[in-house]
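The values are calculated or read from the model by the stated rules, or taken from the named source; none is laboratory data. Bear in mind that the values here come from a model prediction, so they are computed numbers and not experimental data. With ideal geometry, Cβ positions are generated from the backbone for all residues, glycine too; neighbour counts draw on all protein chains shown. Keep in mind that these areas ignore ligands, DNA and RNA; they rest on the heavy atoms of the full protein, side chains included. Shrake-Rupley method; radii C 1.70, N 1.55, O 1.52, S 1.80 Å.
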Amino acid sequence: MGKLLVYGMGNVAGKFIRKIAHSSFWQVVAITDSKINVKGTDKHKLIGGISIPVIAPEEIGRTECDYIIIGTAVYEEEIRQHLKELLPDCNKVLSIGEFYYKVFLMENKENLQNNSLYDFCMNKEHTPIDKWLHYYRIYDRYFSAYRGTDVVFLEIGVCKGGSLQMWKQYFGDKATIIGVDIDETCKVYEGGNAKVEIGSQEDPKFWEYIKNKYPKIDILLDDGGHTMNQQIVTFECMFPFISDGGVYMCEDTHTSYMEGFGAGYGGKNFIEYSKKFIDDMHAYFSQVMVPGYNTESMYSVHYYDSIVVVEKEVRSGFPIILKPDGSIMDADMNTYKLS
């Protein structure tokens, strides 16, 4: 377990400590602040249900820790200067952002060292890309088989055009890359094998236009407005159009837990909506459910932090077991002999 000392006792530091208060990997061993006067009951502070020792800044050098976290953005430079005065060797000092990034690299370095999407984002020249860093592993897991093919890839959300550049590099010249955005200025990023279509993702008529214009879509990545209606309307309009063997990916599904996106925990949101996919996939085994399109078309459903992936594979048959005696058993547990 790594040991952290947090410099700062305001709201930002408090939120950071509460996030990791019950972590199995990190322990906050002490907190301090330049204005603190440590005496009596002030020697401990309860944050996130955990009592954390409070020390004076002069005690930092005598406190064993792996990193010193600056728990504020407003006074970051002043704190760094103060720490330089207290600790001549100050290479353990990190801002909260630097700490998060360092941990991410520590945990993912091996997995990302051959990931060309991550390499493009971090090391190549491009217009801005706004992606959570753990997405790059997930993208490569599901999209790598399509590299160098004539895949038709559609991403909702063009923004500054950086991801269109990334997908062009990743899939190659044979691919057709379609970007969808409601902002007409995004048309400027169209070029080569990348197309930009302007329209609202919660408008079924727009999706009819897309389906009439493009004969197939192999992969759809929803990185649009992230509201519940946008995500649900898009799925219902477009999943049936995805090619057999294709992939439907909806990202930033953490908005299902955020009221600002028309959602909230346990309410009507895309995560709750997608949980029914699990039931749909098993409808053949149910005495009360009626198999439908999802039953016949969903090969798998995968949940990741902020991403839902549905792999499509149309099946006209039914689930069966080949028994040791050579007979067949169906989903209703009926057994049939093979001639």
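Restricting attention to the range 304-339 and to residues that are in a loop (DSSP other than H, G, I, E, B) and among the acidic types (Asp, Glu), the residue that is nearest to HIS134 (Cα to Cα) turns out to be ASP305. Answer yes or no: is there a residue in the range 182-194 that is in contact with a Lys or Arg (Cβ under 9 Å, 6 or more places away or on another chain), closer than 30 Å to GLU296 by Cβ and hydrophobic (A, V, I, L, M, F, W, C). Within the range 182-194, none of the residues are in contact with a Lys or Arg (Cβ under 9 Å, 6 or more places away or on another chain), closer than 30 Å to GLU296 by Cβ and hydrophobic (A, V, I, L, M, F, W, C). With the requirement that a residue be under 18 Å from LYS92 (Cβ atoms), of a type in the set (A, V, I, L, M, F, W, C) and either in a strand (DSSP E or B) or at pLDDT 90 or above (or both), what does the range 1-24 give you? Matches in the range 1-24: LEU4, LEU5, VAL6, ALA13, PHE16, ILE17. When each of ILE60, ILE55, ILE20 is tested for being in contact with a strand residue (DSSP E or B) (Cβ under 8 Å, 6 or more places away or on another chain), closer than 30 Å to LEU133 by Cα and of a type in the set (A, V, I, L, M), the lone residue that passes is ILE20. Taking the range 89-113 as the range and being open to solvent by 60 Å² or more (accessible area, probe 1.4 Å) and either in contact (Cβ under 8 Å) with a residue 60 or more places away in the chain or part of a helix (DSSP H, G or I) (or both) as the test, the residues that pass are GLU98, TYR100, TYR101, LYS102, LEU105, MET106, GLU107, LYS109, GLU110, ASN111. Residues in the range 282-300 that are within 18 Å of ASN334 (Cα to Cα) and assigned to a helix (DSSP H, G or I) were compared, and the one that is least open to solvent (accessible area, probe 1.4 Å) is ALA283. Residues in the range 25-55 that are modelled with pLDDT of 90 or more, farther than 22 Å from GLY97 by Cβ and outside any strand (DSSP E or B): ILE55 only. Taking the conditions (1) open to solvent by 20 Å² or more (accessible area, probe 1.4 Å); (2) out of contact with any Lys or Arg (no Cβ under 6 Å at 6 or more places or on another chain) in turn, PHE241 satisfies each one other than (2). Scanning the range 200-213 for any residue that is under 21 Å from CYS121 (Cα atoms) and open to solvent by 30 Å² or more (accessible area, probe 1.4 Å) turns up nothing. Of all residues in the range 70-88, none are assigned to a loop (DSSP other than H, G, I, E, B), at pLDDT 90 or above and hydrophobic (A, V, I, L, M, F, W, C). Scanning the range 264-281 for residues that are under 17 Å from the mean Cα position of the chain (by Cα) and outside any helix (DSSP H, G or I) yields one hit, ASN269. If you go through the range 114-125 one residue at a time, how many are in contact (Cβ under 8 Å) with a residue 40 or more places away in the chain and either surrounded by 18 or more Cβ atoms within 10 Å (Cβ to Cβ) or in contact with a Lys or Arg (Cβ under 9 Å, 6 or more places away or on another chain) (or both)? Of the residues in that region, 4 qualify.
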